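One structure is given here, and the rest of the page talks about it.
The values are calculated or read from the model by the stated rules, or taken from the named source; none is laboratory data. Predicted, not measured: the structure shown is a model, and the values here were computed from it. Don't worry about glycine lacking a Cβ; one is built from the backbone with ideal geometry, like all the others, and counts go over all protein chains shown.
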């Protein structure tokens with residue numbers, strides 16, 4: 001089974017030595033992804049907008065792997081301030097309302113104080129119907 005690495009082009013990937021996503025068979029493991037717009041390397045001060053951008057970044061990585069957010073089976077949310085998590089719920093429902101993956105929220109400090117949420121997912125590409 002061949003392993004394929006996916007990059008977003010973020011400078012963090014080279015600096016820290018990781019891939020945005022790793023594809024192994026039908027499984028896709030997407031690294032913790034923050035709300036940076038990787039094209040401009042800017043980040044919103046809003047936790048809700050960071051959650052939205054994080055999920056857009058994840059969706060882009062999943063598309064490169066031949067999958068989508070509908071294939072997500074597990075999600076982990078990491079927020080420095082646990083009180084901020086509820087503010088993200090409307091965004092999370094927008095992206096995962098129909099998918100309802102298994103989920104965990106952890107409160108922990110992130111690499112950069114501008115980062116207000118980091119999201120990591122595991123997805124499995126669905127087999128085509130016979």
Check: Among the residues of segment 114-124, how many are surrounded by fewer than 20 Cβ atoms within 10 Å (Cβ to Cβ) and assigned to a strand (DSSP E or B)?
Finding: 3
Margin query: Condition check: at pLDDT 95 or above, surrounded by fewer than 14 Cβ atoms within 10 Å (Cβ to Cβ) and closer than 26 Å to residue 7 by Cβ. Does residue 63 satisfy that?
Written below: yes
Next item on the list: Sort out which residues of segment 30-47 are in contact with a strand residue (DSSP E or B) (Cβ under 9 Å, 6 or more places away or on another chain) and either free of Cβ contacts under 8 Å to residues at least 24 places away in the same chain or surrounded by fewer than 16 Cβ atoms within 10 Å (Cβ to Cβ) (or both), and write them in order of number.
Entry: 37, 42, 44
Notebook entry, point to check: Which condition number in (1) closer than 24 Å to residue 97 by Cα; (2) touching a strand residue (DSSP E or B) at 6+ places or on another chain (Cβ under 8 Å); (3) at pLDDT 95 or above is the one that residue 52 fails?
Noted result: (2)
Checklist line | Given (1) within 19 Å of residue 6 (Cβ to Cβ); (2) crowded, with 16+ Cβ neighbours inside 10 Å; (3) touching a strand residue (DSSP E or B) at 6+ places or on another chain (Cβ under 7 Å), index of the condition residue 78 fails | finding: (1)
